[in-house]
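The values are calculated or read from the model by the stated rules, or taken from the named source; none is laboratory data. What you see is a predicted model, and the numbers here were worked out from it, not measured in a lab. Heads up, the Cβs are rebuilt from the backbone with ideal geometry, glycines too, and the neighbour counts pull from every protein chain shown. Surface areas here come from the heavy atoms of the whole protein model, side chains and all, with no ligands, DNA or RNA. Shrake-Rupley method; radii C 1.70, N 1.55, O 1.52, S 1.80 Å.
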Amino acid sequence: MRRVETALERVKGVKNVNVSLVSQKATIEVERGKATITDLVKAVEASGYEVPAEELTIPIGGMTCASCVRRVEIALLKVDGAISASVNLATEKGVVKYIPGLTSSQQLKQAVRDAGYEVRDSGETAVVDGVVKPRSEIDEIRSRLIVAAMLSALVMIGSMHKFIPAPILIPTQTTQIRFVVLLALATPVQFWAGWRFYRGAYLTAKHGTTDMNTLVAVGTSAAYLYSVIGVIATFFPGVFEAQGIMPGVYYDTSAVIITLILFGRYLEAKAKGRASDAIKKLLGLQAKTGRVIRDGQEVDVPIESILVGDIVVVRPGEKVPVDGIVVEGYSSVDESMITGESIPVEKRDGDKVIGATINKTGTFKFRATKVGSETALAQIVKLVDEAQGSKAPIQRLADVVASYFVPMVIAIAVLTFVVWFFFGPEPAFTVAILNFVAVLIIACPCSLGLATPTAIMVGTGQGAQNGILIKDAQALENAHKVDTIVLDKTGTLTLGKPVVTDIIGGNGFSEEEILKLAASAERDSEHPLGEAIVTRAKELEISLAEPHDFESFTGLGIGANIDGWTVLMGNLRLMQERTIALDRMAERAISLSEEGKTPMYIAVGSGVKGIIAVADVLKPNSKRAVERLRGMGLEVIMITGDNEKTAAAIAGQAGIDRVLAEVLPADKSREIRRLQEEGKVVAMVGDGINDAPALAQSDIGIAIGTGTDVAIEASDITLISGNLQGLVTSIALSRKTLRTIYQNLFWAFIYNIVLIPVAAGALYPLLGIRLDPIYAAGAMALSSVSVVSNSLRLRRFKAPQIKVAG
């Protein structure tokens, strides 16, 4: 309690603190405007405690660029009780962490509305037949685009009547008639097709701010109103000629600009939809019905009707509808859509099955254990959705820049107008207004806002399709910085269970006879080593004898009478205590021990007749995975509680040079900290409860999906299959995604840095080149579309394949 009070008292602006142990609440008096909720929460967390908080996801409409993102985040953080806010332009969602009691979900949603944006219902996108169906926004953009394109084409024809004769389409008898027709054609484009820009600009202007909509609305309105003045001038030329001004008509500029920007928005919306294909594909995997046994009859029911405890029947070629445990039958199941593993997995009594996987051969029955939102597929979809909506640290810089971007562009546009009006060639006003419009239109904060989230969306989706669950965008970004991989031995590098590696016969006994004697003696054993021996005998279809006079010698071994033979099986100490002759078997046992294996002597009568060695062996592709990781420039370290001799043997087999041996479970996190103190960026890979602290301590925690829930919860990345192929893939995917993000940001920044001066007329003094506003609109549309399209290239990502060691 005192520790929390001290931590809070150190926060600047805190005047008085009273922490109650009974109510588990703190009452804090602060100077107005000096300390924020976020500051106080961080202080509590730094003292080793946590503040109970809830998380709210808000679907947000009306955001068009990165400056919108920043504005919504600031609005949410101003609400008392809001701890953090992260808004994603690509997914159009905001995630707010807040303290219940200090604020509510309704207050947070109202803050979004007050900032000038729309709070959508959670039903904005619905799952229909397993596919995410977007709302009508794309359809609305498309319909307005079609009308705008048709009218703009007519406006272009009318504006270029000298080059494109079309008197039937556009009357050209007199200039006045032609201008009035162009006005009639351009007005619907300006105010109907372009209504979304005016609405967005108005909503932000109400709150004294600006965004992308402001640039488009002001720029096109300037060209449109200037043209309206030109039409008036044709009817009342004397009024303007007296002032030395004769305005032109540029309806083609305003109409085509709006059409091109709508076209860019349409392509962008379509591309963003493809960026979330991963979730659509995952949802599409789900079975629609399942066959359950009700009242002794097999009945097909919708998967929503399957209950926990139901017995479900799955025939060859059918999808497993929900998660469960096999109770009858045998088959092989294709789990590649969940784990990324292409080889079907055998399933028999007691084995787990995962919903959405495909039964390949036999028929089996299983008991449903998880249904609905609790299934593995539903959890994967939820994790992918959360990861796609999260924000990478690198994006925050872009958002901050974008928040100042629009006001700077407006200032540059005004300066451009002034300079060209007073110092430009005649007609100065016309040239000034066109350059003013070009600057406003060419500026593209959209590309800054989309550079990171679209790549994150595709990257996390590709991870899910390869059996890799990435917790959030920060994990994906940090993974590419890793230079050191620490692999826990048991269950990560190795299978995590003992298997028979060597059977040595001698003194008249064959290997098969030695295995039969040992397995028969261990027939009813529950010891892991005994179970490994029995499993091997069953695999070789060796019939076992019934053991008699069974004895267990704690820490030494066992004894039994098998088919009239007196059999002892155990370690060296048991043999020595019973004065059993070892002959040359002792040398073989020492050799096996040096390889990290556990040798067990098999004695019949007064002499040792053979040895069976058992070990937790490497997974089939561990060695190749280590080779690939080292080939990627990563240092690979193994950590284990085994003695140095055994650890060195396993590490040697895996091709690992550095070993941290004899490390107690509680000390693993300390070893990770030591590596970090050496300046290394460490990824820890583990699967057990005792790995959780080390996973949390590491820069990136990677959990093996076959491990415990605790380890998975503490990790940043989860490899569903438990295969180290996923580790190689996750690092490669992270690097590829970050490369794409850097390319996007480079393009977005360079585009604006280079083309805004060009639009302002920087090239005119040297080359006599000015940028037409229509070309500016095309470039702006191309900018955001190119960023999204570059991110979509990640969909072609191929996981690096590692061959199983032969």
Extension gain from T579 to Q297, taking 0.36 nm per residue of separation minus the Cα-Cα distance: 95.1 nm
From the square roots a ≥ b ≥ c of the eigenvalues of the alpha-carbon gyration tensor of the stretch 297-371, which class results: rounded (a/c under 1.5), prolate (a/b over b/c), or oblate? prolate
Determine the calculated [θ] at 222 nm for the chain from helices alone, applying -39500 (n - 2.57) to every DSSP H run no shorter than 4 residues and normalising by the residue count; nearest 500 deg cm²/dmol. -15000 deg cm²/dmol
Mean accessible area per residue over the chain (1.4 angstrom probe, all protein chains present, square angstrom) is 46 Å²
Cα gyration tensor shape for the stretch 524-581, rounded if a/c is under 1.5, else prolate or oblate: prolate
Which of N744, N213, A703 sits farthest toward the positive end of the charge dipole of the chain, with +1 on the Cβ of Lys and Arg and -1 on the Cβ of Asp and Glu? N213
Specify the angular offset, from 0 to 90 degrees and rounded to the nearest 10, of the alpha carbon long axis of helix 212-235 from the longest principal axis of the alpha carbons in the chain. 20 degrees
So, with points 7 Å from each Cα along the Cβ direction, the F553-R674 label distance in nm works out to 3.8 nm
Could you give the size of the charge dipole of the chain about its Cα centre, using +1 on the Cβ of each K and R and -1 on the Cβ of each D and E, expressed in debye and rounded to the nearest 20? 3040 debye
Just the ratio, please: alpha-carbon radius of gyration of the stretch 355-490 over 2.2 N^0.38 Å, N its number of residues. 1.82
Amide H of F364 versus every other amide H placed in the peptide plane: which residues, excluding those fewer than 5 positions away on the same chain, fall under 5 Å? V314
Stretch Y404-E140 to full length: gain in nm at 0.36 nm per residue minus the Cα-Cα span? 92.0 nm
Jot down the radius of gyration and Dmax of the chain, Cα atoms only, both in angstrom. 35.2, 128
Can you work out the FRET efficiency for the pair E374 and V51, with r the C-beta to C-beta distance and R0 = 30 Å, to the nearest 0.05? 0.60
With a ≥ b ≥ c taken as the square roots of the eigenvalues of the C-alpha gyration tensor of the stretch 455-556, please select rounded if a/c is under 1.5 and otherwise prolate if a/b is larger than b/c or oblate if it is not? prolate
Within the chain, what whole-number % of the accessible surface is contributed by carbon and sulfur, with the 1.4 Å probe and all protein chains included in the calculation? 56 percent
Treating each Cα of the stretch 388-459 as an identical point scatterer and ignoring solvent, apply the Debye formula and state log10 I(q)/I(0) at q = 0.17 Å⁻¹. -0.67
Amide H partners (placed H, <5 Å) of S721, local residues excluded: G705
Got a sec to turn the phi values of the stretch 677-686 into Karplus ³J(HN,Hα) couplings, 6.51 cos²θ - 1.76 cosθ + 1.60 with θ = phi - 60°, whole Hz, x for Gly and Pro? 5, 7, x, 8, 9, 10, 10, 9, 10, x
On full extension of the chain, what length is gained from L77 through Q110, given 0.36 nm per residue of separation minus the C-alpha to C-alpha distance? 10.6 nm
Which percent, to the nearest 5, of DSSP beta bridges fully inside the chain are antiparallel? 80 percent
